[in-house]
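K.L.:
Quick one: structure below, then a few questions.
The values are calculated or read from the model by the stated rules, or taken from the named source; none is laboratory data. Predicted, not measured: the structure shown is a model, and the values here were computed from it. A quick note on method: Cβ atoms are made from the backbone with ideal geometry, for glycine too, and the neighbour counts reach across all protein chains shown. For the accessible areas, the whole protein counts, side chains as well, though only heavy atoms, and no ligand, DNA or RNA atoms are used. Shrake-Rupley method; radii C 1.70, N 1.55, O 1.52, S 1.80 Å.
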Amino acid sequence: MAPSEDDGSVEEKETVKKKQIGAVATVWLTFYNIAMTAGWLVLAIAMFRFYMYKGTHKGLYKSIQKTLKFFQTFALFELAHCALVRTSVLVTGVQVSSRIFMVWFITNSIKQIQNEESVLLFLVVWTITEITRYSYYTFNLLKHVPYFIKWARYNLFIVLYPAGVVGELLTIYAALPYVRKTAMYSLRLPNKYNVSFDYYYFLIGVMCFYVPLFPQLYFHMLRQRRKVLYGEVFVEKED
């Protein structure tokens with residue numbers, strides 16, 4: 001049976017609709033990545049100015065915490081972006097959730113550790129990483145990626161990723177005595193819910209979780225590096 005005129009018009013409408021959705025998604029992703037690049041640049045400048053004026057990192061976290069919390073929480077949109085771009089839901093989920101956890105439930109909640117050197121370490125690593133990452137995504141959407149941006153995106157992580165993990169782990173470790181002393185976020189028996197939860201041991205579990213997870217994410221980035229810079233092709237399972 002030959003297709004009717006109505007069938008053709010429906011197909012055309014669906015094609016136009018897909019193109020419109022694609023155009024809107026591209027505009028939104030471009031805006032999002034520009035905004036995130038600008039946000040982390042603001043954080044970088046604020047951190048640099050603070051250290052130049054004060055000559056110390058003590059008090060740095062308190063001075064930038066509002067901006068940090070806003071832009072790091074804003075990254076939750078990236079979970080929805082997995083439906084728009086071809087990316088790993090698992091990798092994105094782990095990266096976003098771990099960052100938000102570090103900001104809200106560790107450094108923001110336990111003020112006694114905010115001046116730790118480990119906090120400065122992961123803040124510097126995050127800032128460099130995110131400026132590089134979001135600027136790469138922005139240029140990629142604009143179909144023109146300067147080589148130095150691509151090089152930075154797929155080379156700096158080799159050092160920055162392990163350094164960031166070390167900073168996060170040392171920060172959680174520094175938080176353990178305060179968590180144990182105050183029993184924060186813990187629920188002890190007896191209670192009306194008949195449920196027990198110890199945040200201290202939960203944090204120890206989180207630290208242990210880094211052991212199997214870090215190599216997987218790190219080698220995933222190494223595969224991406226070889227694919228983008230050297231054109232190697234890998235067959236990965238769908239999430």
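K.L.:
Any idea which residue in region 184-194 is nearest to I100 (Cα to Cα), counting only those that are surrounded by fewer than 15 Cβ atoms within 10 Å (Cβ to Cβ) and without any contact (Cβ under 8 Å) to a residue 40 or more places away in the chain?
P.N.:
L187
K.L.:
Of everything in region 70-91, what is modelled with pLDDT of 95 or more and over 12 Å from the mean Cα position of the chain (by Cα)? Give them in sequence order.
P.N.:
Within region 70-91, F70 is the sole residue that qualifies.
K.L.:
What is the one condition in (1) under 18 Å from V124 (Cα atoms); (2) touching a Ser or Thr at 6+ places or on another chain (Cβ under 9 Å) that Y199 does not satisfy?
P.N.:
(1)
K.L.:
Just name the residue that is most open to solvent (accessible area, probe 1.4 Å) out of those in region 64-108 that are within 22 Å of L213 (Cα to Cα) and of a type in the set (K, R).
P.N.:
In this case the residue turns out to be R86.
K.L.:
Shifting gears a bit: What number of residues within region 87-114 satisfy the criterion of being of a type in the set (S, T, N, Q) and more than 20 Å from T127 (Cβ to Cβ)?
P.N.:
4
K.L.:
Looking at region 135-142, is at least one residue surrounded by 18 or more Cβ atoms within 10 Å (Cβ to Cβ), under 27 Å from F31 (Cβ atoms), of a type in the set (A, V, I, L, M, F, W, C) and at pLDDT below 95?
P.N.:
yes
K.L.:
Considering only residues that are closer than 15 Å to L123 by Cβ and either among the β-branched types (V, I, T) or open to solvent by less than 40 Å² (accessible area, probe 1.4 Å) (or both), which ones fall in region 149-171?
P.N.:
Result: L160, A163, G164, V165, V166, G167, E168, T171.
K.L.:
Then there is this: Test K181 against the criterion of being surrounded by fewer than 11 Cβ atoms within 10 Å (Cβ to Cβ), part of a loop (DSSP other than H, G, I, E, B) and basic (K, R), and give yes or no.
P.N.:
Taking the combined requirement at face value, the residue does not satisfy it.
K.L.:
Next up: Being open to solvent by 50 Å² or more (accessible area, probe 1.4 Å), assigned to a helix (DSSP H, G or I), under 25 Å from V166 (Cβ atoms) and of a type outside the set (A, V, I, L, M, F, W, C) narrows it down to one of Y61, Y51, so name that one.
P.N.:
Of the residues listed, the single one that is open to solvent by 50 Å² or more (accessible area, probe 1.4 Å), assigned to a helix (DSSP H, G or I), under 25 Å from V166 (Cβ atoms) and of a type outside the set (A, V, I, L, M, F, W, C) is Y51.
K.L.:
Residues that are aliphatic (A, V, I, L, M) and touching a Phe, Trp or Tyr at 6+ places or on another chain (Cβ under 9 Å): find the helices (runs of 4 or more DSSP H) completely inside region 71-158 holding 3 or more of those.
P.N.:
117-141
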